[in-house]
Each structure stands twice: as C-alpha cells, then as structure tokens.
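Right, one structure below, let's go through it.
The values are calculated or read from the model by the stated rules, or taken from the named source; none is laboratory data. Quick caveat: nothing in here was measured; it's all calculated off a predicted structure. No Cβ is skipped: glycine too gets one built from the backbone with ideal geometry, and neighbour counts run over all protein chains shown.
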Amino acid sequence: MRFFLLLFSFIVFPYSHLSANEQEIFEVRAKTCEKSIEGESPSSTRVRAVDKAVFLSIKNLDILRNDKKNLNDHDLNVMIYRLVDDYIEDLSVKTIKSEEDKVCVETFGYISAQNIEKVRAEFQNTQQQNDDELVAQIAEDVKKEITLNPKHAENLALVYVADLTYYNGATSKKHAAFLKKAIDQNPYYYITDKKDLADYVIKPKVLKAKTDLLDSTHKRLHMVLNLEISGLEDETVNVVQNRFVLFSTEENDQNVATRLLKKLLTQAGKDAVRKIEKTEQARLEQNLLGRNLSE
C-alpha cells in the first residue's frame, strides 16, 4: 500500500517530434511535498516524495485519459506503477525544500508512447473481464432461488491442483496444498490427486516476485500470481493477482513474501472457484432441464 498522497503542484509537458525513425516522447515533470512522519529520517520522507511525484507525473498524462475511464482504480494504479518502475527514462530529482516537517522535490524525466502502449496492452481486456463478471454476478443473484446443486457424487466434477511453480523453475508442494485447502469443500467438485481424471486442472505460478530497497528503512515487494485453468473453455483461462506491498527493512523478506503469496493464492482461488461453479451450474442445467436458465 502506498502512503497517502497530498499534491502540492503538478506540471506535465508532452511534446511530439516525430519523423520516420522517431517515436513519440513525453516530458514528465512534477513538484510535490510530503509531510514527515514522527521518527522518520529526512531521506525516507524524500523517497516518498519522489515516489509520489513520479507517480503523479505519469497519472496525469493526457494519453492515459481513456485508461482512467476504462480501468478500475486498482488496475490503473498497477499500470502506472509498472510504467514508473520500468519505463521512466533519464529521471532527475531536485530537492526544492527540506524542512523539519516536510520535504518538497521536483522530478523530471521522459517516457515514450511506445512503452505506454506496451503496458496498456497488458490491461486492455480488464474492463471487459470486469463487465463479464458483473453480468455473471447479476445472473447468479437472479437465479439464486432456483439454483441446481448436484445430488449425487457421480455428478461432481474433479479438480486437480498442480504444484506451484516460480518464474525461475522452482516448485512448491506446500503452497499448492495451501491453495487446495482454500478451494476445498465445494458442493460442485472434489479435489483429486489424479490429473488424468480431472475435469479441471489448475496450475498456479508466481510470475514475478521482486523486492526493491526504497531507503534505509523501507522496502517494496511486487508480486504477480497466475492461476492457469484448463477445462472451463476450449482455451486456457488465466486468473491473475498483482500486488505491491511496502514493509520495513527490519522485517524478514521471506516472511513478507509468504504472507503476500498466501493472500494472492486465496483471492485467485476464489476467482477460480467462481468460474468453475458457473461452468458446472450451466452443465447441470443442461443435463437436468435440457437448457440453461441463463439462455
């Protein structure tokens, strides 16, 4: 979670100088102040001020106007953090005021339209997914009183959960077991250890787990988790959880990562369960009624 942001002033200067071999570049500049927290060093306050300034300099770019309309706040912030972390060029920072109770900075840098489009592509389907989930939730509420449940064990689907894999190829049975426990005891399916018999296969994978040192007292962990689900449709469906968390340098990195991983597995598991339940409900309706109630 980021600290509360109080905007002091903000300026962005987009400019374009395109030729056949050039790409559109935007100047990004911002001035911000951060109030000091009791017991915090001036350098830590400055880090927060810089972090805020760079974030705002990207967020207020006119080129992101439609993204603000199409993405929810969480996804928009994740998109901006990605741009800030990986695509700001030639960033310079100037401290313009340093007092006992606050620090003010000015940041200046560049970002290319090409890199903005690259990151935007990662989020282009988010709004459609949100709309689909909203429609599904409305349909679920309408059908609540007439929802069909499997009456016999033979009507239950089988779900297989593979070992958790990491971006470096390592695997974890322990966290796969945690995911199994989180999604077990469902009226629509059993958890099975036999992949060949499964109707649905869930493959959890940590796509990213990166810790950055912000200053002498604070670190930031960025983790991305993906559940790959086979059996819902002809193509594999992916459920993604993407989070940032700030923590003290005194805390153990591994413990922080473990807590965040369990949180992401729990949330992603809930999303996966909803998708499986929806598919199984449609199957039961078709088998018992000869049609789907949602048709």
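Need the failing condition index for ASP73 against (1) surrounded by fewer than 20 Cβ atoms within 10 Å (Cβ to Cβ); (2) modelled with pLDDT of 90 or more, just the number.
(2)
What tally of residues in the range 190-214 results from selecting those that are surrounded by 16 or more Cβ atoms within 10 Å (Cβ to Cβ) and of a type in the set (D, E, K, R)?
3
Using the structure shown, decide if ILE229 is modelled with pLDDT of 90 or more, more than 25 Å from ILE80 (Cα to Cα) and touching a Lys or Arg at 6+ places or on another chain (Cβ under 9 Å).
yes
State the number of residues belonging to the range 77-110 that are without any contact (Cβ under 8 Å) to a residue 24 or more places away in the chain and of a type in the set (A, V, I, L, M).
Of the residues in the range 77-110, 0 are without any contact (Cβ under 8 Å) to a residue 24 or more places away in the chain and of a type in the set (A, V, I, L, M).
Please specify each residue of the range 19-72 satisfying the condition of being assigned to a loop (DSSP other than H, G, I, E, B), among the aliphatic types (A, V, I, L, M) and within 23 Å of the chain's Cα centre (by Cα).
The answer is LEU61, LEU71.
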